[in-house]
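Following: one structure in structure tokens, then a few remarks.
The values are calculated or read from the model by the stated rules, or taken from the named source; none is laboratory data. What you see is a predicted model, and the numbers here were worked out from it, not measured in a lab. Cβ: placed from backbone, ideal geometry, glycine included. Neighbour counts: every protein chain shown.
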């Protein structure tokens, strides 16, 4: 095994960056909304609701479907239904984005550690990665309920760095939330413009990419500059 990236850690956001999960998230959210007699939300629209955890996604989904804010008791019920459905159907349509698995395999072969830093609950993130057969690719998974605060706080990023004991690192995300979290932690951030966004702060990122074949050299360049 080469060791050119020894001591380096590459941190990935999960939904919209590493794995395209929108279809399965939409199915589970619509399952929960249907229990309240609400109309389903198309998966294309759900893409824009992802990124701040299940409860926040359902809150925004309720606003779209019902035209009003959900009461806390309604959110509690919807969240329970969502989590039950999602756990049972977490990888029906979800798949890694093209090229990302090959890139990770190459990074690991060069000695890098690879982590997931997500606002998904850690148990759900682990279940998704396991269901996709990707567990051997990741050294650390940090979820929204693992650190003291979710992204855009720096805490999840810093916890990933602590657990990997990295001396240099780069964060790969798809949204303003990821850019803010990486920046707060002092880590260079690369962003995918094909993800779920929103992506209004891309000028604050180290680089923007449209596919993982282009991202490979960007990652290595960022690690060299850290």
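Looking at segment 162-169, can you tell me whether even one residue there is without any contact (Cβ under 8 Å) to a residue 24 or more places away in the chain, crowded, with 24+ Cβ neighbours inside 10 Å and not in a helix (DSSP H, G or I)? No: segment 162-169 contains no residue that is without any contact (Cβ under 8 Å) to a residue 24 or more places away in the chain, crowded, with 24+ Cβ neighbours inside 10 Å and not in a helix (DSSP H, G or I).
Residue count for segment 178-208 under the criterion of being in contact (Cβ under 8 Å) with a residue 60 or more places away in the chain and either part of a loop (DSSP other than H, G, I, E, B) or within 22 Å of residue 44 (Cα to Cα) (or both): the result is 8.
Taking segment 12-131 and the helices (runs of 4 or more DSSP H) fully enclosed by it, the elements with 2 or more residues that are outside the structural domain of residue 170 (by TED's automatic domain parsing) and free of Cβ contacts under 8 Å to residues at least 12 places away in the same chain are at 22-34, 54-66, 72-88.
So that you can scan it fast, the table gives a plain yes or no per residue for (1) over 23 Å from residue 49 (Cβ atoms); (2) at pLDDT 95 or above:
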position	(1), (2)
180	no, yes
193	no, yes
197	no, no
201	no, yes
214	yes, no
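Looking only at residues of segment 132-146 that are surrounded by fewer than 20 Cβ atoms within 10 Å (Cβ to Cβ) and assigned to a loop (DSSP other than H, G, I, E, B), we find that the one that is modelled with the lowest pLDDT is 145.
Evaluate the following for residue 66: is it more than 14 Å from residue 120 (Cβ to Cβ) and out of contact with any strand residue (DSSP E or B) (no Cβ under 9 Å at 6 or more places or on another chain)? Considered against the rule, which asks whether it is more than 14 Å from residue 120 (Cβ to Cβ) and out of contact with any strand residue (DSSP E or B) (no Cβ under 9 Å at 6 or more places or on another chain), residue 66 comes out as yes.
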